[in-house]
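**Q** Just passing along the structure, written as structure tokens.
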Amino acid sequence: MNTILAVLGVLALLSLYIAGVIFFKKYRAWLAYYLLGAFGLTLILVFGAQAIGLAGELESLVTWSTAVLASWIGIGSKWLGQSQFMVMDRSGWVVLETNIECSALIESSILAGLIFFYPAFDWRQKLRYFGIGMVVTIAANTLRMLIIAGITATLGRGSVFWGHAVVGRLFFFAVIIALYWFILTRPTVHEIAKMVIETGD
Amino acid sequence: MPIVVDGLDTLVRLFVVLIWGRDHKKHDIPDEELPFVTILVPAYNEEQVIDRCLNSIKIQDYPHEKLEVVVINDGSTDYTAERVMNHIAGEFQEGNGNGFGNGYSNGNGYGNGNARLPNGQGHNGNGFSHDGGDHNGNGNGYNGNGDRLPKGVYSSKEFKNGNGHNGNGHNGNGYNGNGYNGNGHNGNGHNGNGHNGNGNGNGNGYLKINGDTYPVPPFNGEISLISNGHIGKPKALNLGIKHMNGSDIVITLDSDVVLAPHALRNMACAFVENPGMGAATGHIEVSTDILEERDEYGNLVLDDEGGLITKKLTWLENLLARCQFLEYLDAFRLGRQFQATVKSTYILAGAFSAFSRDVLESSPLYRGRTVSEDFDLTADLHRMGTRVGYVADAKALLEPATSWDGLFSQRVRWSRGQLEVCGAHEDMIGNRKYGPIGWFGFPQMLIIDHTLAFPRLIWTLLLLLFPLFGYPVGTVAMALGFMYLFYVGLCFLQTLAAYTIVDQDTRHQTEQALGYCVILPIYRLVIFYFRMSGYLKSLKEPQEWEVTGPLVAAANGVNGVKNGLNGAANGFKNGFKNGFDLIAITRQIKVRFAIFGRQAYHHYATNGGSQTFLGRLVRRVSMAYSSLRDGRRHV
């Protein structure tokens with residue numbers, strides 16, 4: 001009974017979401033359209049991935065790839081299965097766990113929302129920029145994890161916090177901003193440039 | 001993470017400004033060495049503020065003979081042109097006031113001529129007033145003869161010394177009636193109609209700035225009016241540039257702006273002291289002090305001594321005004337100063353900016369291809385390699401937007417303009433060939449305003465849902481609280497830093513606004529959404545100067561829904577009514593049949609011819625109907 005109610009509830013919310021997006025687009029309320037569309041799609045992807053277990057698989061994949069790459073570059077590392085891996089520091093082993101924040105799931109979902117509802121792009125551009133964005137996001141996330149692993153291996157377990165919360169996060173954020181510059185801001189300026197040239201003096 | 005960018009941006013700006021931006025050079029250039037200045041004032045439907053703007057020019061401590069004011073009336077449908085003519089055609093001594101002259105109290109209307117004549121004795125300005133009538137004139141319209149000011153170019157040089165340009169003026173008795181000052185020094189007597197004249201228009205020729213009252217002196221410079229059809233601000237400014245006389249410095253001034261005392265001198269001195277500077281923006285400051293109390297007709301409300309009264313604001317208007325004050329203080333005193341120091345000033349404020357005449361005339365001038373013609377021109381000047389500066393002590397005061405809808409329209413326009421100008425100058429972005437503006441200024445502006453807007457848009461809401469991802473509610477609340485306090489702290493830091501480098505008047509205003517730092521992050525968040533709306537609209541909607549605000553749009557939407565519901569309710573009511581009418585008609589049909597039946601029965605049953613089959617049938621049907629009828633309510 002609870003499952004049925006939950007499913008009905010989800011369907012109702014989805015219907016409201018779709019109706020809202022269509023309504024705002026029809027009446028040209030662009031901020032409401034973009035905010036609802038992008039934010040809604042982000043939530044659908046994040047919660048949907050969690051519901052079908054994809055979130056966990058993604059965390060495992062990120063963890064495994066980090067462990068493998070860390071080993072390749074000389075950082076003592078071992079994947080423990082699921083979303084955990086060990087990194088060797090000077091005093092022993094440190095176990096690190098990847099959660100939803102470091103799995104790139106949230107950032108990928110945000111990217112999808114921002115791109116697919118952005119009114120500047122046609123569908124080809126949306127797919128192209130989303131593809132580029134996904135590759136960069138996943139690569140950046142993996143690099144972030146490597147940085148955290150590297151800092152932990154070099155400076156010990158005490159550095160995990162600032163390695164993750166400061167250095168890793170700053171690195172990832174810088175890459176994401178650079179990504180948004182190239183797939184959102186520059187193309188927007190280019191589209192507006194075309195409109196301004198058409199308007200003339 | 002955007003807080004890292006915001007924090008770093010603030011710290012870098014503060015460092016640069018406080019180390020290199022403390023420019024307190026005293027300007028002591030003698031009058032004879034000051035350059036000639038032309039001030040261009042484009043105006044479109046600004047009858048309520050144009051007097052104030054022109055008076056603020058008149059009170060400047062700049063030699064008037066080195067000043068030329070060119071007002072470009074851009075096809076105003078109100079009496080902007082006529083008000084400017086008061087400044088051109090008459091000299092106003094203390095107590096005469098400008099503008100409406102005798103105003104409504106004496107029924108002399110807009111009175112160009114009657115500003116200096118008592119009680120409508122001239123033919124001018126007898127019309128329009130509510131109290132018109134015969135006693136005070138003829139009620140014949142603006143110039144007595146009913147015509148609006150024709151299009152053309154008018155100059156104060158033509159209205160001097162007695163009979164003036166037209167003797168009897170353009171429209172019979174014209175603008176001056178009998179010449180420059182009407183019938184005497186100031187019309188009829190020392191101050192027109194008595195000690196302080198007649199009170200309206202400019203409140204008896206005084207100007208109030210930051211609590212201080214400045215009498216408006218006679219103006220010995222030249223004022224011209226170009227009265228034209230509506231061509232838009234960029235073309236209006238270009239028209240003004242074409243008409244100006246020989247001058248060294250050209251200043252553009254919005255007609256709703258009030259120049260602070262010494263603004264012109266400080267601006268001109270900056271050009272003399274920095275000969276390499278080709279253009280500069282002044283310091284724009286939001287001021288509630290220049291808001292004037294007006295009655296329902298739009299006339300100034302004066303106190304018992306004929307002085308101006310500052311408009312009282314509601315709590316919301318006051319809140320918006322103070323937040324804008326803090327915003328502009330940061331944007332100009334810190335922001336523009338920083339940009340000027342790193343040679344990447346990217347907007348010369350259209351409200352108050354100055355140009356070397358040579359530089360301006362070699363530029364493409366103002367273009368109408370974007371809604372931010374001032375920003376577009378600034379980019380053009382950078383292309384030409386012009387050094388663009390910021391003169392902190394050349395101050396102009398601006399009215400705040402006092403409604404959310406007004407703010408929305410303004411910020412949407414700014415966002416749109418920003419993208420359009422960046423689009424028009426796309427090749428400059430990231431291009432070292434154009435110097436710091438290319439490789440630093442434009443990219444920095446776009447990254448902070450546009451690129452970072454996207455993660456902000458989503459993360460502002462997503463953070464609230466982090467408990468659903470397994471994070472403790474307390475942790476999320478603490479993180480949000482910390483972020484809010486961080487931005488409040490940034491605001492205090494910026495405001496206090498600006499406080500140390502502004503003048504006394506601005507310090508006083510800052511002290512009054514400092515407490516609003518606590519709510520400034522909320523204000524900035526709302527403005528962020530307004531700007532985001534502007535970015536999206538610029539992709540999908542045509543250019544518009546004024547945009548419907550969210551509150552008006554919501555109200556329209558609600559009214560639409562209400563009208564729809566009312567329509568539906570009326571439809572139901574009418575439907576029911578029609579339904580009941582149908583029932584009534586049906587009953588009528590039954591009654592008719594009953595009557596017919598009785599008649600038929602009577603014919604067949606009682607007339608003897610009723611033994612036919614038809615007769616027996618009618619009788620039986622009749623009897624059956626009668627028995628039914630008797631058992632029910634009578635129709």
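**Q** Taking the Cα centre as origin and putting +1 on Lys and Arg beta-carbons and -1 on Asp and Glu beta-carbons, what dipole magnitude results for region B:294-441, to the nearest 20 debye?
**A** Dipole size: approximately 760 debye.
**Q** For a Förster distance of 22 Å, can you work out the FRET efficiency between the beta-carbons of A:Thr142 and A:Val166, rounded to the nearest 0.05?
**A** That gives a FRET efficiency of 0.75.
**Q** Now for a separate question. Give the calculated FRET efficiency between B:Ala594 and A:Ala6 to the nearest 0.05, with a Förster radius of 51 Å applied to their Cβ-Cβ distance.
**A** Using R0 = 51 Å, I get an efficiency of 0.20.
**Q** Another question about this same structure. Can you work out ³J(HN,Hα) from phi for every residue in region A:77-92, in order, using Karplus 6.51 cos²θ - 1.76 cosθ + 1.60 and θ = phi - 60°, giving whole Hz and x for Gly and Pro?
**A** 8, 8, 7, 9, x, 6, 10, 10, 8, 10, 10, 8, 10, 5, 9, x
**Q** Continuing with the same structure: Set the bar at 23 Å for Cα to Cα. Now go through B:Lys58/B:Lys343; A:Lys126/B:Lys540; B:Lys157/B:Lys235; B:Lys208/B:Lys242 and name every pair that lies beyond it.
**A** Too far apart for the 23 Å limit: B:Lys58/B:Lys343; B:Lys157/B:Lys235; B:Lys208/B:Lys242.
**Q** Give the aspartates and glutamates whose C-alpha is closer than 17 Å to that of B:Lys395, dropping any in the same chain fewer than 8 places away, or say none.
**A** List returned: B:Asp23, B:Asp61, B:Asp212, B:Asp254, B:Asp256, B:Glu285, B:Asp289, B:Glu327, B:Asp330, B:Asp503, B:Asp505.
**Q** Where does each of B:373-382, B:266-275 land if you order them by average Cβ count within 10 Å, highest first?
**A** Ranking the peptides B:373-382, B:266-275 by packing returns B:373-382, B:266-275.
**Q** Name the residues whose placed amide hydrogens come within less than 5 Å of the amide hydrogen of A:Asp89, ignoring near sequence neighbours (fewer than 5 apart) on the same chain.
**A** Result for A:Asp89 returns A:Val94.
**Q** Quick one, what does Rg over Rh come out to for region A:1-135 if you take C-alpha atoms and the Kirkwood Rh?
**A** 1.12
**Q** Where does region A:84-136 land on the Kirkwood hydrodynamic radius, alpha-carbon pairs, in angstrom?
**A** Taking every pair of different Cα atoms in region A:84-136, averaging 1/r and inverting gives 13.4 Å.
**Q** So how compact is region B:246-361: Cα radius of gyration and Dmax in angstrom?
**A** 17.5, 52
**Q** According to a simple spin-label model (label point 7 Å from Cα along Cα-to-Cβ), what is the distance in nm between B:Glu293 and B:Ala477?
**A** 4.6
**Q** What distance in nm lies between label points placed 7 Å from Cα along the C-beta direction at B:Leu485 and B:Trp459?
**A** 2.0
**Q** Once the Cα atoms of helix A:105-116 and of chain A are each reduced to a long axis, what angle between those two axes, in degrees from 0 to 90 to the nearest 10, is obtained?
**A** 20
**Q** Between B:His230 and A:Ser71, what is the label-point separation in nm under the 7 Å Cα-to-beta-carbon projection?
**A** With each label placed 7 Å out from Cα toward Cβ, I get 7.4 nm.
**Q** Right, something else. Under the rule of at least 5 residues apart or a separate chain, name every residue whose amide H is placed under 5 Å from the amide H of B:Ile29.
**A** none
**Q** Summarise the partner chain shielding of A:44-54 as one whole number: the mean count of Cβ atoms from other chains within 10 Å of each residue's Cβ.
**A** Taking the mean over all residues of the peptide, I get 1.
**Q** Once amide H atoms are placed 1.01 Å from N in the peptide plane, what residues at a sequence separation of 5 or more from B:Ala260, or on another chain, have their amide H within under 5 Å of its amide H?
**A** Excluding prolines and chain starts, which carry no amide H, the hits are B:Lys395, B:Ala396, B:Leu397.
**Q** While we're here: If one takes the longest principal axis of the Cα atoms in chain A, at what angle in degrees, from 0 to 90 and to the nearest 10, does the Cα axis of helix A:2-26 lie?
**A** Helix A:2-26 sits at roughly 50 degrees to that axis.
Bear in mind that the values in this text are calculations on the coordinates, not laboratory data. Keep in mind it's a predicted model, so treat the numbers as computed, not measured. Heads up, the Cβs are rebuilt from the backbone with ideal geometry, glycines too, and the neighbour counts pull from every protein chain shown.
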